[in-house]
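Below is one structure; the comments refer to it alone.
The values are calculated or read from the model by the stated rules, or taken from the named source; none is laboratory data. Just so you know, these numbers come straight off a predicted model, no measurement behind them. Backbone-built Cβ (ideal geometry, glycine too); neighbour counts: all protein chains shown. These area figures cover heavy atoms from the full protein model, side chains too; ligands, DNA and RNA do not enter into them. Shrake-Rupley method; radii C 1.70, N 1.55, O 1.52, S 1.80 Å.
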Amino acid sequence: MALGLRSIGQVLAVLKPEFEDISISKIRFLESEGLISPERAPSGYRRYAESDIERLRYILDVQKNHYLPLKVIREHLDMMDRGQQPPALSSATSAPAEGDPVEQANALAPRPVPPKRAIRVTRRELLDLSGLTDAALNELEKHQLVVPRRGTIYYGRDALTVAVIARKLAAFGMDARHLRVVKQAAEREVGLIEQAIAPHLRRNPTSRALPAEVMQLVLHAHAAIMRSQLPQ
């Protein structure tokens, strides 16, 4: 093997500590999509240079932490290949540190935030990005926990989020049947929010941000109450 080149198995060993969901099949899928192009030995085996590994690391990072669809990742990689800097991606806001509970509550109050980049992925991309099996996704779809965007065959950010969480919860023995309880609780909370804000919306029909603001407050209350119920 040429100096500095690695086999696909060695690449997997390098990236596994950072990206636990990486697999040989996923690396091959990214190659089939044209996102990476490792060298081929005369025997036909793939040989990865350090630049290939860094490219893979970038792809896996923006998938894991920013949920970017492959189309957008491809655009970013094309910019990098031309020597340009891809768009900066903001990190998720961290939780407030332990301290005065009043300050913590104020820190959690809704603030205007720029809208997240909309994503649109196919069912195949959803499986690859989330790490779910086809059978697990079928079960989530059967219970209407993961659904395509209305009137389309594509899935959005919320569907991808639920799919990723479902895969992680499976390690604790929780499946779609358990997530139905979460869905039922969410539906009740949505009903509560709609009932509470209805008078405000009648007085000010253009207040489009109000439902999201109230939802954030309910979510923070929900999380705090759940934490209070868990063993300390």
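Sequence-ordered 3J(HN,Hα) estimates for segment 175-192 from the Karplus curve with 6.51, -1.76 and 1.60 and θ = phi - 60° stand at 10, 4, 4, 6, 5, 4, 5, 5, 4, 5, 5, 5, 5, 5, 5, 4, x, 4 Hz, glycine and proline given as x. Just 40, 203, 55 to compare: in a GNM of the chain, with alpha carbon springs under 10 Å, which one fluctuates most? Taking springs between Cα atoms under 10 Å, the residue moving most is 203.
Under the combined filter of DSSP loop state and at most 15 neighbouring Cβ atoms within 10 Å, segment 126-178 retains these trypsin sites (Lys or Arg not before Pro): 149, 150.
The alpha carbons of segment 176-231 give a radius of gyration and a Dmax of 13.7, 44 Å, in that order.
Roughly speaking, what is the centre-to-centre gap between segment 126-203 and segment 1-50 when only Cα atoms are used, to the nearest Å? About 33 Å separates the Cα centre of segment 126-203 from the one of segment 1-50.
Taking a ≥ b ≥ c as the square roots of the eigenvalues of the Cα gyration tensor, segment 8-82 is classed as oblate, since a/c reaches at least 1.5 and a/b does not exceed b/c. A dipole drawn for the chain from +1 and -1 charges on Cβ atoms has a positive end, and of 44, 160, 207 the residue lying farthest that way is 207. The convex hull around the C-alpha trace of segment 126-232, projected and averaged over every direction, spans 8.7 square nanometres. For the set 16/183; 64/168; 26/142; 26/71; 26/168, the pairs lying more than 24 angstrom apart at their alpha carbons are 16/183; 26/142. In the context of the full set of protein chains, the chain has a per residue accessible area of 67 Å² (1.4 Å probe). The sum of -39500 (n - 2.57) across all DSSP H runs of n ≥ 4, divided by the residue count of the chain, sets its helix-only mean residue ellipticity at 222 nm to -18000 deg cm²/dmol. Approximating the spin labels as points 7 Å out from Cα along Cα→Cβ, the residue 82-to-residue 61 distance works out to 2.2 nm. Once the mean of 1/r is taken over each pair of separate Cα atoms and inverted, the chain shows a Kirkwood hydrodynamic radius of 21.0 Å.
Here the Karplus relation 6.51 cos²θ - 1.76 cosθ + 1.60, evaluated at θ = phi - 60°, turns the backbone of segment 51-57 into coupling constants of 5, 5, 5, 5, 5, 4, 4 Hz, with x for every Gly and Pro.
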